[in-house]
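Chemist: Take a look at the following structure, please.
The values are calculated or read from the model by the stated rules, or taken from the named source; none is laboratory data. In this text, all values refer to a predicted model and were calculated from it rather than measured experimentally. Counting neighbours? That spans all protein chains shown, and the Cβs are built from the backbone with ideal geometry, glycine included.
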Amino acid sequence: MTTPHHGEDFLHDLRLRSAAEGGVFWLDDGQLAVFEPAAARLVSRTNWDGLVMSDRLVDMIRRRRSTTVPWSRVRAAWLTQLHTLSTGEHTAAMITRMEQVVDTRLGDDVDLVLLAQDIAVRSVLPVALSGLTVRESALITRDLEQKLLRLIDRHPGRGPLHHVRFAAVQVRAGLVVRRVLRDRASGRRVREPDLTDPIVDLLPELGMDRALDVVTAVLTAIGGPPGSAAASVLYEFARNPRWAQRLTRELRGVDRAEFCAAPARAAPVTHRFVKEVLRMWSPPLLLVRNARVSSDVGTTRLEKGQRYLVSPHMIHRDHRVWQRADTFDPDRFLPGAPHGPADRTCYVPFGWAPKRCIGADIGTVQLMALCHLMCTRYRLTVPDTDAVTMACRFAPVPQHFRGHIARR
Ligand code: HEM
């Protein structure tokens, strides 16, 4: 997904223009903003309908067609695999991995954005790619980490040398993925219940380069939004002690097995809290797409090759769509709440079919698990919550968000 950088002022202007122009309007640089809920849904449907993977590079060079692989085939393979990964046992294993990350930082004064990122990525990585050696895992994590630092404007270094190092890590991470795919296909490595595994079966049709692209798409997807959402959960948790207490009251009564078996049923208040965090602070803020086909978007004509922008965030903060759109209130997700979503097009933290996020369920459970840990096992202290502000990078990113975590 394309995720441009933009600041708070830019987003504020977009909101004003969107309100004035009915949610669909041309930006000065010739991109069409599609922030009206029904139009965003339609343009996504029209644009991605019948999407097939691009030809392999080797075939392009030889001017021949590759085996056609519909994107829906890749998604179906992922979703089937995710079905087997959505058990209480897998959730419990993910929570254990989250604890392992937190336990290494107990008592330290930490940057909570980076900690949230670490918790999210390290706990979900095995869902995407598992069975790695310690070295391989460290390389993949480093690649994701350095990409994230760029996305949130925390450049770990600048200059040509830094770019070379950045590229070197990226290339070596790609080689790890290739090796895993090759080894699993040849039986040198055991098959694992992760999202890479069904791609091994598709290797003959995809070829190695396209298979690598598919696995990279998942790794990129877990490298950004889950960590950003986890930081936003901690942010609202720290800023809303009343809600933190409500969650603690609920979660203290829910043991781990019960939580893992059916999180939303076991902890409905926590579920509403996470849904509201994802409404207020949906990552990524803007998605830029190339129009694959010409289509009508409302009264506007979008021609093939032009670009358009969609944004869950813009829809979630639109006062015509949500009452008190800028107020954090998880109870708006109670059935029949007057300030709740009017229909399904209004709440889209995971995007739109046919490209909707495949990790929506795991992502939600992971955020609920973070709440569970903060309410039952750990205590989060942020000394100066008033100093914490939200900045708009590729996603909302809390600034000056430091604190420490202790065992309860
Ligand atoms: C709270 C956490 C998450 C959020 C907010 C989130 C959000 C999103 C969004 C907005 C999209 C773009 C949808 C569109 O283009 O309409 C997306 C795509 C995607 N997400 Fe997530 N995501 C999260 C977690 C995850 C997890 C845990 C995984 C993997 C296990 C994942 C895998 C993907 C993939 C593979 C795509 C691309 C789908 C495609 O191109 O067909 N996401 N996500």
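Yes/no per residue for (1) more than 17 Å from Lys355 (Cβ to Cβ); (2) aromatic (Phe, Trp, Tyr); (3) within 12 Å of the ligand (Cβ to nearest atom):
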site	(1), (2), (3)
Gly253	yes, no, no
Ala266	yes, no, no
Val288	no, no, yes
Ala291	no, no, no
Ser294	yes, no, no
Lys304	yes, no, no
Gln323	yes, no, no
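Chemist: If you scan region 92-142, which residues turn out to be of a type in the set (Asp, Glu) and touching a helix residue (DSSP H, G or I) at 6+ places or on another chain (Cβ under 6 Å)?
Modeler: Scanning region 92-142 gives Asp118, Glu136.
Chemist: Restricting the search to region 34-49, which residues are within 13 Å of the ligand (Cβ to nearest atom), of a type in the set (A, V, I, L, M, F, W, C) and either on the phi > 0 side of the Ramachandran plot or surrounded by 22 or more Cβ atoms within 10 Å (Cβ to Cβ) (or both)?
Modeler: Val34, Ala40, Val43
Chemist: Give the residue, chosen from Ile222, Ile199, that is crowded, with 21+ Cβ neighbours inside 10 Å, closer than 21 Å to His83 by Cα and near the ligand (Cβ under 9 Å from one of its atoms).
Modeler: Ile222
Chemist: List, please: which pairs have Cβ atoms under 9 Å, are six or more places apart or on different chains, and start with a residue in region 270-290 that is over 25 Å from Leu27 (Cβ atoms) and of a type in the set (A, V, I, L, M) and end with one that is away from the ligand (no atom under 11 Å from the Cβ) and in a helix (DSSP H, G or I)?
Modeler: Val274/Pro330; Val274/Cys371; Val277/Tyr235; Val277/Glu236; Val277/Phe237; Val277/Pro330; Leu278/His316
Chemist: Of Phe328, Phe394, Phe401, Phe333, which residue is under 28 Å from Asp118 (Cα atoms), within 16 Å of the ligand (Cβ to nearest atom), aromatic (Phe, Trp, Tyr) and touching a residue at least 60 places away in the same chain (Cβ under 8 Å)?
Modeler: Phe394
Chemist: Gly253 passes all but one of (1) closer than 29 Å to Thr91 by Cα; (2) in contact (Cβ under 8 Å) with a residue 40 or more places away in the chain; which number fails?
Modeler: In the conditions (1) closer than 29 Å to Thr91 by Cα; (2) in contact (Cβ under 8 Å) with a residue 40 or more places away in the chain, Gly253 misses (2) alone.
Chemist: Among the residues of region 323-382, count how many are over 17 Å from the mean Cα position of the chain (by Cα), polar (S, T, N, Q) and in a helix (DSSP H, G or I).
Modeler: 2
Chemist: Something else about it: Across region 355-396, what is the total count of residues that are within 13 Å of Ser232 (Cβ to Cβ) and charged (D, E, K, R)?
Modeler: 1
Chemist: Mind telling me which of the residues Ala406, Ala342, Ala353, Ala360 ends up being more than 15 Å from the ligand (Cβ to nearest atom), surrounded by fewer than 16 Cβ atoms within 10 Å (Cβ to Cβ) and under 23 Å from Leu42 (Cα atoms)?
Modeler: On inspection, the qualifying residue turns out to be Ala342.
Chemist: So which of Gly22, Gly30 is at pLDDT below 95, away from the ligand (no atom under 16 Å from the Cβ) and under 16 Å from Leu302 (Cα atoms)?
Modeler: After ruling out the rest, the residue left standing is Gly30.
Chemist: Just to be sure I understand, how many residues within region 234-250 are surrounded by fewer than 23 Cβ atoms within 10 Å (Cβ to Cβ) and either touching a residue at least 24 places away in the same chain (Cβ under 8 Å) or in contact with a helix residue (DSSP H, G or I) (Cβ under 7 Å, 6 or more places away or on another chain) (or both)?
Modeler: So the count comes out to 10.
Chemist: Give His313, His319 a once-over and let me know the one that is more than 13 Å from the ligand (Cβ to nearest atom) and of a type outside the set (Asp, Glu).
Modeler: His319
Chemist: Would you point out the residue of region 53-80, among those that are part of a helix (DSSP H, G or I) and farther than 30 Å from Ile362 by Cβ, that is farthest from the chain's Cα centre (by Cα)?
Modeler: Result: Ile61.
Chemist: If Gly187 meets every condition in (1) crowded, with 20+ Cβ neighbours inside 10 Å; (2) modelled with pLDDT of 95 or more apart from one, which number is that one?
Modeler: Only one criterion is unmet by Gly187, namely (1).
Chemist: Which members of region 265-295 meet the condition of being part of a helix (DSSP H, G or I) and polar (S, T, N, Q)?
Modeler: Thr270
Chemist: How many residues does region 55-90 contain that are of a type in the set (S, T, N, Q) and either free of Cβ contacts under 8 Å to residues at least 12 places away in the same chain or within 11 Å of the ligand (Cβ to nearest atom) (or both)?
Modeler: Going through region 55-90 one residue at a time, the tally reaches 4.
Chemist: Quick one: which of Ala229, Ala173, Ala211 is in a helix (DSSP H, G or I), within 16 Å of the ligand (Cβ to nearest atom) and without any contact (Cβ under 8 Å) to a residue 60 or more places away in the chain?
Modeler: Ala211
Yes or no, residue by residue, for (1) of a type in the set (Ser, Thr, Tyr); (2) under 15 Å from Ala39 (Cα atoms):
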position	(1), (2)
Asp296	no, yes
Ser311	yes, yes
His316	no, yes
His319	no, no
